[in-house]
Structure formats: C-alpha cells, structure tokens
Amino acid sequence: MTKAALAITALLGSAAMVQAADSEPIQPIKPAANINLGMVDLGKKLYFDPRLSKSGFISCNSCHNLSMGGTDNIPTSIGDKWQQGPINAPTVLNSSLNLAQFWDGRAADLKAQAGGPIANPGEMAFTHTLALNVLESIPGYVREFKQVFGKDKIDMDQVTLAIAEFEKTLVTPNSRFDQWLLGKKDALTKDELEGYKLFKDSGCVACHNGEAVGGNSFQKMGLVEPYKAKSPAEGRVAVTGKDADRFNFKVPTLRNVEMTYPYFHDGAANTLTEAVDTMGRLQLGKKFSKEENAKIVAFLKTLTGDQPAFQLPILPPSSDNTPRPTPFSK
C-alpha cells in the first residue's frame with residue numbers, strides 16, 4: 001500500500017472513530033481553547049487569594065478545592081465566621097460546559113458567578129468595593145491588571161473576567177471513558193461497559209448527557225417519588241418565581257463524580273452507591289440490584305479525567321497600605 005493510501009486509510013479510521021463517538025449520548029471532553037494566557041495567570045492568583053474575603057482566610061479554592069475534584073467534599077460549605085452554607089458546593093471542574101452557574105442557574109456564565117461569593121455575607125463576606133481597595137493597594141496586582149487589561153484602574157469587571165478565564169481552563173479530558181469513545185476499545189472492562197449500557201437503557205442519559213454528562217438542563221428532584229431534602233434551597237423557583245420550577249435544579253455534571261462526594265444539592269448521599277440507588281428510585285422508578293448498582297458505579301468512575309495541573313501561584317505581597325483582614329470582628 002502506498003504512503004498516500006495509508007494516509008487516507010488513517011484519516012478514514014479517525015473519521016469513523018469521531019462518528020462513533022458522536023453517535024453516543026456522551027461526547028469526549030475537549031481541551032480548553034481560545035484562552036488568554038495573561039488573563040488566566042492573573043485569574044489563577046485571584047482564585048487562590050484569601051484576601052478577597054473579610055477574614056483573609058477564604059478563597060475560591062476553599063470551597064472549590066482543585067486538589068479535591070473542584071469541591072470541598074462536605075455536605076455544605078463553611079463560610080465567614082464558620083457559617084454553614086445552605087447548599088452543596090458544585091464542582092468548578094468543567095463548569096464552563098454548564099448552561100448556567102449555581103444549582104438554581106441564577107448566574108448566566110462563569111463571569112457572572114465569580115463575583116457572587118465575594119460579596120455574599122455567608123461566604124467570603126466582603127463587598128466588591130472593599131475587595132477592589134485591597135487589590136489596588138497591592139503594587140504587584142496593580143502592575144499585572146495594567147498589563148492584562150491596559151487600564152489604570154482596577155474594576156470588578158476585570159476581576160470576574162480574569163477568574164472566569166482561569167476557570168475555563170479547568171476541564172478534565174482524557175478519561176478512560178473518553179478514550180473508549182475515541183476508539184480505544186480496551187479502555188473499559190466488561191463490568192464498566194455493562195454499567196454504561198445500564199446507564200443508557202435505564203434512562204439516566206435523558207438528563208446526564210453531552211460533554212459534561214449533565215449540566216445542560218434543569219430537572220425536578222423527585223420525579224417519581226418526592227425527595228425529602230436536608231437543605232432549605234428550593235431550586236429554580238428562586239430565580240423564575242414560577243411554582244412549576246420548585247425543586248428544579250441544574251443537573252450536575254457526572255465528570256470526576258468519584259471525587260465530588262457527597263452528592264445532590266444538599267450533600268445527603270455520601271457514596272456513589274447511595275446516589276445511584278436514590279436516583280434510580282426517585283427519578284426513574286427503578287430499583288437497581290446490588291450487582292446493577294455496582295456496574296453503574298464502575299462506569300461512573302471511568303469519567304474521571306486528567307485533573308488540572310499547574311504550579312501553585314505565588315501571590316503578590318500586601319503593602320503597608322493594604323487593609324488588613326478582620327477574621328474575628330463582630
């Protein structure tokens with residue numbers, strides 16, 4: 001076979017793999033693209049900087065820990081003065097693939113989401129004005145904002161744009177399931193493949209589909225049986241005001257789900273086994289056997305992709321004029 005024929009055969013093989021992946025309800029995650037690297041580097045610093053909180057102790061990474069699947073692995077997050085949050089912190093990983101941000105979708109995109117926790121009295125408990133005062137008092141930040149945005153004054157739009165740009169890089173491609181989708185047929189075991197078939201045949205893919213295996217629709221929690229939540233949150237109704245949206249929540253991504261426990265908006269399910277059982281009964285009216293549950297869980301664990309890896313940012317030091325945090329003030 002000539003070199004040209006070999007090249008054509010390889011291209012046809014690649015096209016067939018892509019076509020096979022496209023025929024599945026789940027698609028492979030793509031690496032981040034069209035990223036402003038300067039903005040990413042600045043956003044990374046802001047993401048890890050606790051000085052954007054009143055206490056000087058809480059950062060974005062506190063609740064969305066990038067060493068722990070982009071969440072905090074507790075039912076509800078801990079806010080300023082040890083306040084208990086009302087809802088489970090969703091993972092920040094692959095959040096750029098969501099149709100909206102927060103469980104109730106009140107933020108249209110990552111930029112709109114980024115400013116919320118800073119000014120929330122139950123979270124970082126600062127104000128945007130105070131946060132900007134801190135940033136403008138730090139010479140290193142003043143220089144970097146000027147380099148990235150070309151403006152003499154820092155504003156909140158720049159802060160949220162930078163954080164969002166960094167968060168866009170937090171995608172997790174190359175899971176074993178993605179490798180299988182792209183043609184590596186030995187990437188999954190027999191039980192994992194049977195678990196995926198159960199996942200499809202049982203109807204789980206009606207809500208958990210696409211690149212993120214979720215995150216692209218709002219659905220009622222408790223379709224077949226009512227769900228007795230441990231959280232006061234009532235979902236989408238808080239945004240739309242429509243009673244029909246009560247207990248409708250954004251479907252969570254199942255990417256990296258073995259790392260993002262506990263599960264559901266109230267963090268009530270501690271294990272994947274428990275979550276699969278509850279979802280089967282409440283959403284599908286189906287009681288999975290122990291063996292079926294184990295196979296679905298095995299499949300779900302194949303959705304763990306390459307985790308974000310980067311050098312920890314070194315934050316610019318405060319100046320003598322930087323307002324000091326007040327972690328113990330009343």
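Yes/no matrix, rows are residues, columns are (1) aromatic (Phe, Trp, Tyr); (2) open to solvent by less than 50 Å² (accessible area, probe 1.4 Å); (3) part of a loop (DSSP other than H, G, I, E, B); (4) over 24 Å from ARG176 (Cβ atoms):
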position: GLY267; (1), (2), (3), (4): no, yes, yes, yes
position: GLU274; (1), (2), (3), (4): no, no, no, no
position: GLN283; (1), (2), (3), (4): no, yes, no, yes
position: LYS287; (1), (2), (3), (4): no, no, yes, yes
position: LYS295; (1), (2), (3), (4): no, no, no, no
position: ILE314; (1), (2), (3), (4): no, no, yes, yes
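If you check GLY116, GLY105, GLY140 for being in contact (Cβ under 8 Å) with a residue 40 or more places away in the chain, closer than 30 Å to ILE26 by Cβ and small (Gly, Ala, Ser), only one passes: GLY105. Among the residues of segment 106-124, those that are under 26 Å from SER329 (Cα atoms) and crowded, with 21+ Cβ neighbours inside 10 Å comprise ALA114, PRO117, ILE118, GLU123, MET124.
Residues of segment 150-205 that are aliphatic (A, V, I, L, M), closer than 24 Å to PRO31 by Cα, open to solvent by less than 70 Å² (accessible area, probe 1.4 Å) and not in a helix (DSSP H, G or I): LEU170, VAL171, ALA187, LEU188. Checking each residue in segment 233-262 for being more than 17 Å from LEU223 (Cα to Cα) and in a helix (DSSP H, G or I) picks out ALA238, VAL239, THR240, VAL257, GLU258, MET259.
One residue alone among VAL239, VAL224, VAL257, VAL251 is touching a residue at least 60 places away in the same chain (Cβ under 8 Å) and surrounded by 15 or more Cβ atoms within 10 Å (Cβ to Cβ), and that residue is VAL239. One residue stands out in segment 133-144 among those that are open to solvent by less than 30 Å² (accessible area, probe 1.4 Å) and of a type in the set (A, V, I, L, M, F, W, C): the one that is farthest from the chain's Cα centre (by Cα), namely ILE138.
The values are calculated or read from the model by the stated rules, or taken from the named source; none is laboratory data. The shown structure was predicted, so the numbers you read here are calculated from the model rather than taken from an experiment. With ideal geometry, Cβ positions are generated from the backbone for all residues, glycine too; neighbour counts draw on all protein chains shown. Note: accessible area is taken over every heavy atom of the protein model, side chains too, but ligands, DNA and RNA are not part of it. Shrake-Rupley method; radii C 1.70, N 1.55, O 1.52, S 1.80 Å.
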